[in-house]
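The structure appears below as structure tokens.
The values are calculated or read from the model by the stated rules, or taken from the named source; none is laboratory data. It should be emphasised that the depicted structure is a prediction, and the values quoted were computed from it without experimental measurement. In this analysis, Cβ positions are derived from the backbone assuming ideal geometry, glycine residues included, and neighbour counts consider all displayed protein chains.
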Amino acid sequence: MRRFLITLFILVMFLLIACQNKKPNRLTFIPVVNGQPIMCEDGFLVNEQKWRLKSFQFYISKIKLNGEMQNINYDGNLKEVNNRLALVGGACRGELNWQIELNSEPELKSVLEFELAVPFELNHKNPLTAQFPLNQPDMFWTWQLGHKFLRLDLVSQTEKGENWSFHLGSTGCDSASVMRSPKSPCKNPNRVSFSIKDFESNKPIYIAFNNLVSGLELSKRNSCMGDLNQSACSALYQNLNQRVIFTQDIERTK
Amino acid sequence: MTYFLKMVAIVALIFTMLACDSKNTAATYKWPIPKDYPKPQVPADNPMSDAKVNLGRFLFYDTNLSANQTQSCATCHQQDKAFSEPLIVSVGSTGQSHRRNSLALVNIAYNKTLTWAHPSLDSIERQILLPLFGEEPVEMGVTGHEGEILSRFNSDKYKVMFAAAFDDKDINFDKINKALSSFVRRLISFDSPFDRYAYAMQDNALSDSQIRGMDLFFSERLECHHCHGGFNFTQSTTHQKQLLDRRPFHNTGLYNIDGKGSYPLTDSGLNEITLEPNDMGAFRAPTLRNIALSAPYMHDGSIQTLEEVIDHYAAGGRAAIKLTAQKQVSKSIYRSPFVKGFTLTSKEKSDLIAFLNALTDESFASDPKLSNPFN
């Protein structure tokens, strides 16, 4: 009996140590505005207007650490998943998920790269057979346009009836009808790549809202849903490509 | 020690057998859905079975389930109307009017929530208690007549069906509820011309006009698909492969009685339950499958035809037209940002209506397996 207990004790210790070593890499996102986290419950000020978050979610893919492609660890309860793609955030009336776990162990500092997009080969498929997390109706346009890569919906708390939305995805996609996939890539793929040098897994990645909407007056008129509103969309695309959107340095979000 | 290990092994074995057994029952039910379509989620304590669906079908069409034997579930949920009712609002068995229009029962096994506006009513088993036992308004009027109603099912025919569905002959409201829920879950409709075009890839399943209407429906110009998206044409959908929580409710600008966005006191939608000001006039987007069959429209049945529904959305909500007429400038602060109005040519409007008609599944509305078994 005693020997049994000793063996058990050693086994438990072994397991504990093993588990500790295997703590995986995590990407924890925090959307921030004016240096403060954006929460569903609290409004926030942009140009003296108060706004409330309704929905903020986006896909990231082609995640690389030091050049090595990463897989995502999903909850074991999910059966059919696409490990190369993550949906971050959510709608305020539902669940929000800001953290993804990678199937690798952290190194002290590494280079993190990812694309804010759904890859073309996955983007225009039958949504019914799509694997998690692509089976999300409010992130799907049509077979022709594919998925929304990013969806951000705000409601004004200052001006009644005012709101602002940014839905990012590929545009200029040609096919026989909205329910048919394009054979060749869309004219405007709108896939943006990001990288964070000196990435540390134990620190959050801030999403710099101020930089994303820099130079744009938030209003219904300045919403960007696909390519309907060229001036608002081009300002946003320019910010996505040129400004600091994802960073671990809170100072750079302001 | 050995004895203890033996016991553990036996208990574990029994546990595994039981666990596997319950899984098998659920897995063996054959859903009438095309290959690749996701399966609905079913509560663990009410797995689907053909026997339960069959019993549920008899109960659904049996007027003995209402206290005064004048109504069955099918009174307000008629098969040829996609299990809705062509009345503005439904009337219960005692003549009391409901304040809302009868919802079509189409693919509700996939619904994230049930009824027009309830953020957490997510089980068909709990929803069915409302029409059965509800007292305000009285629908089936079961409350106070439970024993009398149960005794009506004490026939040889029903005893056999209850025994087949539940392995024992005891008849009670829990079993009635579970069987009704199973039948209602079985009301699956995936055989519209749209399905044949979109998912079975039959290019000729839709006419040119319907395809043009479909392109319009999914355009950012009309914004229809923001609320009526996904394979069920409602964002309020959940299924086996979709575990993230989404509960969308929207204010469509139907009312704005005070110029501040208020809905009539008789029905302010989700706001009544959540007491959140922002939920004023918010209702669940219903599925558009079989929408041509389920007139009149909206939660209060206040719009008679699909043409008028399109006019309502084209105006950015019916309330906006009235307000403009009264020269009031204030807009509803609660109206969904997607209800912002659009202009359509008459050709585009008829294309859009042609597309909405392509969502009608004739085989569902006339499926003998779902029809009144007493006929």
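Here is how the numbers come out for the structure above:
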item: Extreme residue, surrounded by the fewest Cβ atoms within 10 Å (Cβ to Cβ), among residues of the range A:97-113 that are away from chain B (no Cβ under 14 Å) and within 23 Å of residue A:190 (Cβ to Cβ); result: A:113
item: Residues of the range B:97-145 that turn out to be of a type in the set (Val, Ile, Thr) and within 11 Å of the chain's Cα centre (by Cα), as a count; result: 5
item: Matching residues, the range B:29-55, being assigned to a helix (DSSP H, G or I) and within 14 Å of chain A (Cβ to nearest Cβ); result: none
item: Residue among A:168, A:116 that is more than 22 Å from residue B:203 (Cα to Cα), surrounded by 22 or more Cβ atoms within 10 Å (Cβ to Cβ) and away from every other protein chain (no Cβ under 12 Å); result: A:168
item: Qualifying residues in the range A:30-60 (those that are in contact with a helix residue (DSSP H, G or I) (Cβ under 8 Å, 6 or more places away or on another chain) and under 18 Å from residue A:148 (Cβ atoms)) - the one modelled with the lowest pLDDT; result: A:55
item: Yes/no for residue A:27 being surrounded by fewer than 16 Cβ atoms within 10 Å (Cβ to Cβ) and either at negative phi or in contact with a helix residue (DSSP H, G or I) (Cβ under 8 Å, 6 or more places away or on another chain) (or both); result: no
item: Hits in the range A:176-205 - residues which are without any contact (Cβ under 8 Å) to a residue 40 or more places away in the chain and assigned to a loop (DSSP other than H, G, I, E, B); result: A:176, A:177, A:178, A:179, A:180, A:183, A:184, A:187
item: Residue count, the range B:103-121 (criterion: closer than 16 Å to residue B:287 by Cα and without any contact (Cβ under 8 Å) to a residue 60 or more places away in the chain); result: 1
item: Residues of the range B:328-347 satisfying the condition of being away from chain A (no Cβ under 14 Å) and either surrounded by 19 or more Cβ atoms within 10 Å (Cβ to Cβ) or without any contact (Cβ under 8 Å) to a residue 24 or more places away in the chain (or both); result: B:345, B:346, B:347
item: Residue match in the range A:62-81 (condition: within 14 Å of chain B (Cβ to nearest Cβ) and at pLDDT 90 or above); result: no
item: Elements of type helices (runs of 4 or more DSSP H) in the range B:148-234, at least 2 residues being closer than 30 Å to residue B:315 by Cβ and within 12 Å of chain A (Cβ to nearest Cβ); result: B:193-198, B:208-217, B:224-227
item: Residue list for the range B:263-288, restricted to those being assigned to a loop (DSSP other than H, G, I, E, B), within 14 Å of chain A (Cβ to nearest Cβ) and crowded, with 17+ Cβ neighbours inside 10 Å; result: B:270, B:280, B:281, B:285, B:287, B:288
item: Neighbours by Cβ (under 9 Å, 6+ apart or cross-chain): first from the range B:67-82, over 16 Å from residue B:98 (Cβ atoms); second among the β-branched types (Val, Ile, Thr) and part of a loop (DSSP other than H, G, I, E, B); result: B:67/B:94; B:67/B:142; B:67/B:143; B:68/B:94; B:82/B:106; B:82/B:360
item: Count of the range B:90-134 residues which are more than 30 Å from residue B:191 (Cβ to Cβ) and in contact with a strand residue (DSSP E or B) (Cβ under 6 Å, 6 or more places away or on another chain); result: 5
item: Residue count, the range A:41-72 (criterion: surrounded by fewer than 16 Cβ atoms within 10 Å (Cβ to Cβ) and touching a Gly at 6+ places or on another chain (Cβ under 9 Å)); result: 1
item: Residue check for residue A:178: touching a strand residue (DSSP E or B) at 6+ places or on another chain (Cβ under 7 Å) and under 17 Å from residue A:88 (Cα atoms); result: no
item: Complete set of residues in the range A:135-164 that are in contact with a Pro (Cβ under 7 Å, 6 or more places away or on another chain) and either surrounded by fewer than 21 Cβ atoms within 10 Å (Cβ to Cβ) or under 25 Å from residue B:213 (Cα atoms) (or both); result: A:135, A:140, A:144
